[in-house]
Structures are given as structure tokens and as C-alpha cells.
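As C-alpha cells, the structure follows; a few thoughts come after it.
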Amino acid sequence: MRQAIFFTAILALAIGALATADCGQNACRDIPASQMDEQFAGWRTDTADCNQDGEGDVRDFVCMVNGLEDVEEILLVNGEVYTVDSQNPWVQALLIRDGVIVHVGTNESARAQAGPGATEIDLEGRMAMPGIHDVHMHPLEARSPFSGTCILDTAVTDPEQYIPVLRQCAPDQQATDWVLGWGHSVFTLLEAQRRPVDILDEAIPDRPAAIMEETSHSFWVNSLALERAGIDADTPNPPGGVIVKDPATGEPTGILFDSAGDLVMDLAWQPTEEIKELNYEGLLEALGELNRHGITSVCEGRTYWKRDFQDAWQRAERESRLTVRAILGLWAYPSMNDEAQLAELRGLYRNDPDALLRQNQVKVYADGILINSTAAMLEPYKETLGDIPSQTGLNYFTEARLARYIEELDPLGFDFHIHAIGDRGVREALNAIEAGQDAGRHRLTHLEVVNPEDYDRFRTLNVIADMQVSGDFAQPQNWIEVAFLIGNRSQNLIPLKDLHEAGARISLSSDWDVSSLNPFVGMQRALTRAPQNLPDLATAVRAYTLDAAYVMRQEDRVGSLEVGKRADLIVLDRNIFQVGTTAIGSTSVLLTMLDGRIVYDGRPKR
């Protein structure tokens with residue numbers, strides 16, 4: 001007789017008496033809590049009180065989930081299942097065998113295909129869909145405790161007010177003698193009455209300090225940080241960066257734009273065992289957040305391999321705590337010697353298609369950002385900030401240098417993830433791909449200003465257009481914020497509609513934690529940001545699923561719910577196709593499965 005796990009029972013009735021045996025008075029309950037926590041903490045959810053004795057701990061939940069993982073067949077029935085398969089978009093039921101979808105159809109047809117021991121989950125009419133792909137995010141940086149303890153209020157307009165805050169938070173920094181933090185606006189420093197370095201020296205005189213501003217594209221540093229990095233009046237600007245200097249003395253003012261900040265941060269983040277442990281803790285926390293938002297596949301948008309970021313991901317995979325499919329975007333350091341860097345990148349390449357973790361992408365910045373006047377533009381800025389030396393922005397990598405990297409690494413299997421915000425940065429990146437690519441699936445990300453003459457090139461070159469629209473800054477009512485820098489060119493930022501209509505393959509992502517991690521906020525805003533909106537919800541969903549799976553070279557395995565694909569799927573609290581557009585962003589994920597394993601369960605208890 002087929003056992004059933006009903007949706008409202010939250011696995012507590014799992015497989016009848018078998019569930020009682022697995023999660024009752026047996027060896028599973030006798031495993032020490034510390035051992036269970038260590039083995040399964042990556043699967044932990046906030047619904048661990050699902051035991052039968054009413055006491056509730058993570059062991060009860062893990063025993064049930066682990067029991068479900070061992071089940072050969074799982075039936076999901078009575079659902080509204082959106083498959084993202086254009087030939088069969090809506091079905092009622094799925095049959096999963098050993099993590100693979102073996103049947104899609106009606107309740108009756110799925111049950112007819114199931115064996116007598118299949119475990120049945122009643123969706124009670126709720127919507128299921130493929131797991132979300134987010135192909136541009138920074139989970140380790142977002143959650144590592146090492147990132148900093150000094151969190152500044154962006155709304156403060158006088159940097160002198162930060163002094164008591166910085167004095168209070170400086171002793172809390174972990175694992176280093178540096179003081180790290182983030183949050184201020186660069187405009188607050190540029191408008192200060194005295195040099196920013198002097199203000200920070202007063203707050204933190206005895207330790208090197210580096211505070212990242214709100215966009216992450218500049219740093220506020222003190223004298224000891226400049227000294228550690230060897231930055232003085234004679235230090236030239238690095239590729240893609242600017243060391244702001246006092247016009248009267250030539251001495252650094254304490255503001256480092258774009259890649260100049262890496263001269264300091266690479267020192268502060270030099271890996272030690274203690275720092276690496278904090279990074280790992282942060283990554284595990286981030287993985288839980290991803291699963292709670294229905295995310296089952298990600299691309300890390302900037303894997304600083306000199307800081308050993310890849311070690312945290314590899315450890316999670318090795319310890320069976322990696323609960324997403326992940327590709328690391330290995331950072332291309334703009335100041336590093338090309339021969340040495342190309343050799344390092346080749347050595348870091350990992351691309352086992354059966355592994356959850358791969359290292360087969362390179363992250364390159366073509367330019368900076370608009371609000372700093374460092375995005376590469378075809379026409380000059382109306383004005384520039386600080387000591388930005390060019391009226392048309394900066395290049396981290398020139399077109400010729402980027403073309404060389406693509407030409408050498410593309411044939412090995414590397415795909416390039418290229419930050420390109422200004423229209424010159426976009427054009428030069430497209431030129432580099434055209435000159436260097438072999439069979440890559442390269443993508444440009446951000447795409448805030450794109451010259452219409454380049455729209456068609458995305459399709460003809462098979463370049464993916466990856467955009468982030470969930471942040472407030474991306475909404476049309478806020479485009480005016482950069483008008484003082486680029487004038488009328490600010491009236492069509494992130495041309496999502498135009499690129500879609502030109503035939504570009506679109507992926508949507510978060511750039512978390514720059515913007516909201518919630519993909520349903522991204523979907524809602526992709527539909528409501530007229531005049532640059534997507535035409536319908538199906539297109540937005542595809543940009544977070546099947547087309548994003550194409551980015552990761554796994555569209556043959558996941559991204560849609562079809563026979564033969566892996567069972568990466570989510571269950572929602574509402575059918576997003578049946579609610580108003582403005583209600584999509586409030587969607588909650590109730591269940592997340594990776595390879596047929598439950599990695600998050602937020603279903604309500606009764």
C-alpha cells in the first residue's frame with residue numbers, strides 16, 4: 001500500500017509506521033545532536049519542530065528529511081505545476097525516481113506509473129515550478145562575519161557624525177587587526193569639510209581601516225591602511241581605479257575608487273584559517289537564505305581566489321552541505337600580470353557536469369558604475385567625481401586585453417561573466433567577445449546604458465543579457481538620479497524590453513546583496529518597470545529558470561520540469577499567474593527540493 005505524506009502534515013505522518021521508526025525510539029534519535037548538526041546543518045530550516053513527541057529539534061527534522069531522501073519514488077499530486085515546458089506548460093502531478101523526474105501528467109497517470117512504495121506529497125492545489133536560478137550574486141561576501149562590523153547609516157550627510165559610531169564598532173572586528181565595514185555614500189565624503197582620511201584617522205587612529213561605500217565601488221581608508229598598501233602621493237592609479245589625491249599636496253585623501261580599493265582589500269582579506277572559517281560560516285548561512293527563497297542554482301558573481309573564497313564552496317560540497325548547484329565566477333584581477341593570471345585561472349578550472357560545484361566562469365569588469373562617473377561611456381559625462389581622469393569613464397580591462405583572455409580561456413571551457421554598465425563598456429565587451437570567442441556562452445551583466453546599435457549583437461553573437469531590476473535604483477522613477485552625470489541618456493536605463501524584442505536571451509538575477517534576494521520581487525518589477533518591462537510573467541519566469549539554466553550549461557538537466565531532468569523544484573503559497581502583478585513580489589516559498597531532496601520546508605503546521 002502506498003504511504004502518503006500529506007502537505008498539511010509536514011512530513012510528521014511520513015510513511016506511516018516507518019516514519020515513527022525512523023524518527024522515534026531508534027538509532028536516528030540516538031545520534032548526538034552535535035553530529036547531526038555538523039552533518040546536516042546545511043539542510044536546517046526554521047521549521048524543525050516537526051517531530052512527533054512535541055519537543056522539536058533539528059534531529060527530528062533531519063531524520064524525516066533523510067528518510068525522504070532515501071525513498072526511491074516521490075509523488076507530488078493535486079498541484080498546479082508550471083513546468084516551463086512550452087509543449088506541456090501545466091500539469092497536475094510529478095513522479096520523481098532517484099532524484100529524476102520520470103513522469104509529468106495527471107494524478108491518475110502519475111500514480112499509475114508509481115511503484116507500491118512511492119511516497120506521496122499532496123500539494124493541495126498549490127503551485128509548483130522549477131527551482132530558481134540566480135546567476136549573479138555574492139552570497140559569501142553578503143554573509144561572512146569577516147566582512148565588517150562597522151555598519152554606517154547611508155542617510156548621514158556629515159561624515160564627522162560617523163566618528164563615535166566607528167569608535168564603538170572598531171573593537172568588534174573579528175580575525176584581523178583591520179577594521180572593516182560599509183554603508184556610507186561617497187558623496188558624503190566628497191562634500192566633507194576636511195580630508196576623509198583625517199576624519200577616519202580621528203575615529204580609528206591605531207588600526208588600518210577600510211570602509212566600503214554603499215555601492216561597493218569605492219572605499220574610505222585611513223592613513224594606516226594607505227601605509228599598509230604602500231599608497232602615497234607617487235602611487236599611480238591602477239587599471240580601473242582612482243586614488244583620489246589632494247590637489248594642493250598630492251597626498252591621498254582617503255577615497256579609493258573602484259579597483260584602487262582592491263589594493264587595500266586584498267591585504268585585509270589575506271586568508272588565514274580563522275578568516276576562512278568565518279567565510280564558511282557565512283556561506284552556510286547564505287545557503288539557507290537561498291533555499292528559503294526557492295533558489296536552487298547560483299553563480300557567484302566574484303570569486304576572489306587569492307582570498308580563497310573557493311575553499312569555502314569546496315568544503316561545503318565536500319561535507320555535503322552544499323544545497324544549490326553553483327558555478328564560481330573566478331575574479332580576473334585587473335592589476336595582475338596576464339601570463340601569471342591566465343595560468344592561475346587554467347589551474348582553477350573545474351567542470352564536472354555531475355558535480356554540484358563547478359569553476360568554469362571568469363568574472364571580468366569592463367568598467368565601473370554610473371553614479372561614480374566610472375562606467376565607460378561613448379560620450380563624455382556632464383561632470384565627473386573626485387579625480388576621475390577621463391570624461392568617458394574607466395576600463396578595468398581594455399577591449400584588446402579582454403579579447404585575449406576570451407581567446408585563450410574560451411576553448412578550455414570557460415564562459416565569461418562581464419560587468420558592463422556604460423554603453424562604451426557594453427560595446428567594447430561585445431567587440432571582445434566577437435574577436436575572441438569560440439563556443440562560449442558569455443554574458444554581459446547590468447547593462448544600464450546600451451546603445452541601440454548594439455541591441456541586435458546580443459542575438460547574433462549569442463551573448464546573454466543578464467539584468468537586475470529588483471533594486472529601487474533600477475526603477476524608472478529613480479533614473480533621474482544619474483541625470484546630472486549623463487543627461488538624457490538616463491531616460492532608458494536597463495533596456496530590458498528593447499533587448500528582449502531584439503531577440504537577446506535574457507536572464508534576471510539579484511546581484512545580492514546589492515539588491516533584494518527575492519526572485520519574485522524581481523519578476524514583479526520586470527513586469528512593472530514600463531517603458532522597459534518584459535511582456536508577460538512567463539517570460540520573466542523563464543529568465544529565472546530555463547534561460548538562466550542555459551547560462552550555467554545545465555538546461556538539459558534542470559530549469560524546467562520535464563521527464564529526464566533532475567527534480568529541482570519549489571512549491572509556492574500562491575499561483576503567481578492567478579494573482580495581480582503587484583502581488584507577485586509577496587510570494588512565499590513553502591518547499592524547496594534539490595535533486596528530489598527537501599532542502600527547505602516552510603509549510604504551515606496544523
- Using θ = phi - 60° and the Karplus form 6.51 cos²θ - 1.76 cosθ + 1.60, what ³J(HN,Hα) does each residue of the stretch 388-402 get, whole Hz, x for Gly and Pro? 4, x, 10, 7, 10, x, 10, 10, 5, 10, 6, 4, 5, 5, 5
- Query: How many percent of the alpha carbon pairs in the chain exceed a separation of 47 Å?
  - Reply: 16
- Could you tell me how many degrees, from 0 to 90 and to the nearest 10, lie between the Cα long axis of helix 423-436 and the main elongation axis, the longest principal axis, of the Cα atoms of the chain? 70
- Provide the per-residue ³J(HN,Hα) series for the stretch 288-301, in order, calculated from phi with Karplus coefficients 6.51, -1.76, 1.60 and θ = phi - 60°, each as a whole number of Hz, with x at glycine and proline positions. x, 5, 4, 5, 5, 9, x, 8, 10, 9, 9, 10, 6, x
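Quickly rank 270-280, 576-586, 498-508 as a protection proxy: mean count of other C-beta atoms within 10 Å, highest first.
Working: 270-280: 16.6, 576-586: 14.5, 498-508: 20.8.
Ranking, from highest mean packing down: 498-508, 270-280, 576-586.
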- Item | Estimated distance in nm for a label pair at SER335 and ASP573, the labels positioned 7 Å out from Cα along Cα-to-Cβ | 4.7
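Could you compute the FRET efficiency for GLN87 and ASP311, with r as their C-beta to C-beta distance and R0 at 35 Å, rounded to 0.05? Please list the in-between numbers first.
Working: r = 43 Å, r/R0 = 1.23.
Calculated value: 0.25.
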- Item | Amide H contacts under 5 Å for ALA376, placed H, 5+ residues apart | GLY368, LEU394, ILE421, GLY422, GLY425
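Rounded to the nearest 0.05, what FRET efficiency do GLN477 and ALA439 have when you use their Cβ-Cβ distance and R0 = 41 Å?
Details: r = 41 Å, r/R0 = 1.01.
FRET efficiency, GLN477 to ALA439: 0.50.
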- Message: Need one word for the stretch 566-606: rounded, prolate or oblate. Basis is the Cα gyration tensor (sqrt eigenvalues a ≥ b ≥ c); a/c below 1.5 gives rounded, then a/b vs b/c decides.
- Response: oblate
- Query: For the stretch 224-237, in order, what is each residue's ³J(HN,Hα) by Karplus, 6.51 cos²θ - 1.76 cosθ + 1.60 with θ = phi - 60°, in whole Hz (x at glycine and Pro)?
  - Reply: 5, 5, 4, 5, 4, 7, x, 9, 9, 4, 8, 6, x, 5
- Any idea of the accessible area per residue across the chain, 1.4 Å probe, to the nearest Å²? 36
- Reach of LYS363 by Cα under 20 Å, taken over lysines that are not fewer than 8 positions away in the same chain: LYS306
- Given H placed 1.01 Å from N in the peptide plane, which residues other than close sequence neighbours of ILE121 have an amide H under 5 Å from its amide H? ILE5, LEU75, LEU76, VAL77
- Item | Over the chain: helical MRE at 222 nm, DSSP H runs n ≥ 4 each giving -39500 (n - 2.57), nearest 500 | -8500 deg cm²/dmol
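Sort 112-125, 246-259 for me by packing, meaning the mean count of neighbouring Cβ atoms within 10 Å per residue, highest on top.
Numbers: 112-125: 17.1, 246-259: 19.4.
Sorting 112-125, 246-259 by mean packing, highest first, produces 246-259, 112-125.
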- With everything on Cα atoms, drop me the angle between helix 338-348 and the longest principal axis of the chain, reported from 0 to 90° to the nearest 10. 10
- Residues of the stretch 189-230 with amide nitrogen under 12 Å from the 7 Å Cα-to-Cβ point of ASP158? 193
- Message: Under a crude label model (7 Å from the Cα following the beta-carbon direction), how far is THR106 from ALA233 in nanometres?
- Response: 8.5
- Note on the structure: Helix 519-528 sits off the longest principal axis of the Cα atoms of the chain, rounded to the nearest 10 on a 0 to 90 degree scale, by 70
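The values are calculated or read from the model by the stated rules, or taken from the named source; none is laboratory data. Note that this is a predicted model, so its numbers are computed, not measured. All Cβ positions, glycine included, derive from the backbone under ideal geometry; neighbour counts span all protein chains shown. The protein model used for the area step is the full one, side chains on, heavy atoms only, and it has no ligands, DNA or RNA in it. Shrake-Rupley method; radii C 1.70, N 1.55, O 1.52, S 1.80 Å.
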